[in-house]
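All remarks here apply to the structure that follows.
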Amino acid sequence: MNKEKAKMLAGELYNANDPELLAERSHTRDLLARLNQSRPQDQNLRAEIYGALFAAVGCSLVIEPPFYCDYGKNITLGDRVFLNFNCVILDPARVEIGDDVFFGPGVQLYTATHPLDYRLRRTGVESAHPITINSDVWIGGGAIICPGVSIGAGSVIGAGSVVTKDVAPGVVVAGNPARVIRSL
């Protein structure tokens, strides 16, 4: 592993235009092109792509193409995960998704972030912070999960929500920024 990738995975500022990272993203784009062009009846092909794309995949994964991610190898998916159309996972940091998790269409998970100081941003560095989605979570369509967020087991994220802070287990959150609406 090279220096920039090590910094990326450690949550430090790193250069995303590092040649090794560019090559990894290019390989991922090739896998995603195959996935996104596959037909619904091509389940064996999709399973083969999932195995090559992700760090770990549980049983009964369903992804409705198109789907997009940066690396794939930083994503772990549990059993019976469903990702609806147009989901995006920016994964320069680890993304862990538990069992029985459902994503509505257009859900976006962003581990990547950029410096607030414009002078530092001009240098092209960025950082990333892990996202954890525990088991039995439902994320409504169009929701955005921001860097470093953990969502507790059994919670529901309302459609269109922007989740900027950790979510406790067993609650419904909604809004921008997302707030607890009620306990389950």
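One table, with the values for the structure above:
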quantity: Which listed residue, of 80, 25, is basic (Lys, Arg), in contact (Cβ under 8 Å) with a residue 40 or more places away in the chain and either in a strand (DSSP E or B) or over 17 Å from residue 146 (Cα atoms) (or both); calculated: 25
quantity: Strands (runs of 3 or more DSSP E) contained entirely in region 91-184, each with at least 3 residues that are modelled with pLDDT of 95 or more and farther than 24 Å from residue 58 by Cα; calculated: 125-128, 171-175, 178-183
quantity: Within region 92-124, tally of residues that are open to solvent by 60 Å² or more (accessible area, probe 1.4 Å) and of a type in the set (Gly, Ala, Ser); calculated: 0
quantity: Residue list for region 95-137, filter: under 17 Å from residue 176 (Cα atoms) and aromatic (Phe, Trp, Tyr); calculated: 110
quantity: Selection status of residue 35, touching a helix residue (DSSP H, G or I) at 6+ places or on another chain (Cβ under 9 Å), surrounded by fewer than 20 Cβ atoms within 10 Å (Cβ to Cβ) and over 17 Å from residue 146 (Cα atoms); calculated: no
quantity: Among (1) farther than 20 Å from residue 160 by Cα; (2) out of contact with any Asp or Glu (no Cβ under 8 Å at 6 or more places or on another chain), the one test that residue 64 misses; calculated: (1)
quantity: Among (1) at pLDDT 95 or above; (2) surrounded by fewer than 17 Cβ atoms within 10 Å (Cβ to Cβ), the one test that residue 1 misses; calculated: (1)
quantity: Residue 25 being closer than 24 Å to residue 135 by Cα and under 18 Å from the mean Cα position of the chain (by Cα); calculated: no
quantity: Scan of region 117-154 for residues that are among the polar types (S, T, N, Q) and under 17 Å from the mean Cα position of the chain (by Cα), ordered by number; calculated: 127, 132, 134, 135, 150
quantity: Selected residue (criterion: surrounded by the fewest Cβ atoms within 10 Å (Cβ to Cβ)) from residues of region 5-20 that are in a helix (DSSP H, G or I) and in contact (Cβ under 8 Å) with a residue 40 or more places away in the chain; calculated: 9
quantity: The lone exception for residue 49 - which of (1) in contact with a Ser or Thr (Cβ under 9 Å, 6 or more places away or on another chain); (2) among the β-branched types (Val, Ile, Thr); (3) surrounded by fewer than 18 Cβ atoms within 10 Å (Cβ to Cβ) it fails; calculated: (3)
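The values are calculated or read from the model by the stated rules, or taken from the named source; none is laboratory data. Note that this is a predicted model, so its numbers are computed, not measured. Every residue, glycine among them, receives a Cβ derived from its backbone with ideal geometry; neighbour counts consider all protein chains shown. To get the accessible areas, we keep the full protein, side chains included, count just its heavy atoms, and leave off ligands, DNA and RNA. Shrake-Rupley method; radii C 1.70, N 1.55, O 1.52, S 1.80 Å.
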